[in-house]
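What follows is a set of notes on a single structure, which appears directly below.
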Amino acid sequence: MSGLQAWYDRHLLPYLLDAACGMAPISQQRALVVPHAHGTVLEIGIGTGLNLAFYDRQKVVQLIGVDPAQQMHRLAHRRSRRSGLPVELLPIAAERLPLADASVDCVVCTYTLCSIPEPLTTLTEMRRVLRPGGKLLYAEHGLAPDHAVAQHQARLEPYWSKVAGGCHLTRNVPALLQQAGFEVKGSAAYIAWPRSLAYNFWGEAIAP
């Protein structure tokens, strides 16, 4: 990684991602899934804490957030204090979670799978730490069903990934969830414009 790229990723990218991921259409998607979290909750890719405002504090007993990008934790701590919802932040990647098997009731993952280097490994870890019947609540963007849009996503992805923190545009989220062994119950639609960035998947995936 060049010095300029490292400076961008550390000092500018967190604020750009915070602004982009806090836009109204994405916030509306968060509001569809995050309030259903309950019990001991693990949030993957908690980032700057944009989901904290959407949790139902009456349902959440414990919240653990993981994200290797420590430069984002300061904003997450600030939002935690503002929301009155304490969160234990772990500065680690999600491919290997320091949690026991079947130890959490619910996993929340929003706008994160696109940038995880090994999404299938991470999803398998989520399934491992979920109790039987536990739910992964997800809202993600990814591969569009329209051929022309999907082609444009593929052409754009190498350039987009460099400026958007490793974000991929062509991941088929339901297929990945199924490969990891989840039962998927969800929806999909374009939620904004441009369409190459706006095809979204959301719902719940149930651990066996």
Could you give the longest part of the chain that holds none of the trypsin sites (Lys or Arg not before Pro) found in DSSP loops with at most 14 neighbouring Cβ atoms within 10 Å? 97-208
Of Val87, Val104, Val149, the most mobile residue in a GNM of the chain (C-alpha springs, cutoff 10 Å) is Val149
Taking the dipole of the chain about the Cα centre (Lys, Arg +1; Asp, Glu -1; charges at Cβ), the one of Ala94, Gly84, Pro25 that reaches farthest to the positive side is Gly84
So how much slack lies between Ser187 and Met23, counting 0.36 nm per residue of separation and subtracting their Cα-Cα distance, in nm? 57.0 nm
Over the stretch 64-162, with neighbouring protein chains present, the accessible area per residue in Å² at probe 1.4 Å is 48
Rounded to 0.05, the calculated FRET efficiency for the beta carbons of His147 and Leu16 at R₀ = 22 Å is 0.15
Read-out Rg and Dmax of the Cα atoms in Å, candidates (1) 34.3, 126; (2) 20.1, 73; (3) 16.2, 46; calculated match is (3)
Based on the Cα atoms of the stretch 48-99, what semi-axes does the equivalent ellipsoid have, where each is the square root of 5 times one gyration tensor eigenvalue, given in whole Å with the largest first? 19, 14, 8
Compare Ala175, Ala144, Ala198 in a GNM of the chain, Cα atoms joined below 10 Å, and give the one with the largest fluctuation. Ala175
Using a Gaussian network model of the chain whose springs link C-alpha atoms within less than 10 Å, name the residue from Gly142, Gly84, Gly165 with the highest mean-square fluctuation. Gly84
Please give the length that would be gained between Gln179 and Gln70 if that part of the chain were fully extended, namely 0.36 nm times their separation in residues minus their C-alpha to C-alpha distance (nm, one decimal). 36.3 nm
Computed curve, the stretch 1-116, Cα-only Debye sum without solvent term, log₁₀ I(q)/I(0) at 0.13, 0.15, 0.23 Å⁻¹, is -0.49, -0.65, -1.47
Run the dipole for the chain about the Cα centre, Lys and Arg Cβ at +1, Asp and Glu Cβ at -1, nothing else charged, and hand back the magnitude in debye, nearest 20. 440
Share of accessible surface on carbon and sulfur in the stretch 1-112, whole %, 1.4 Å probe and ligands ignored, is 58
Could you please report the charge total around Gly45, scoring K, R as +1 and D, E as -1 over all other residues with beta-carbon less than 11 angstrom from its beta-carbon? -3
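The values are calculated or read from the model by the stated rules, or taken from the named source; none is laboratory data. Fair warning: this is a prediction, and the values are worked out from it, not measured in the lab. In this analysis, Cβ positions are derived from the backbone assuming ideal geometry, glycine residues included, and neighbour counts consider all displayed protein chains. Ligands, DNA and RNA are excluded from the accessible area calculation, which covers all protein heavy atoms including side chains. Shrake-Rupley method; radii C 1.70, N 1.55, O 1.52, S 1.80 Å.
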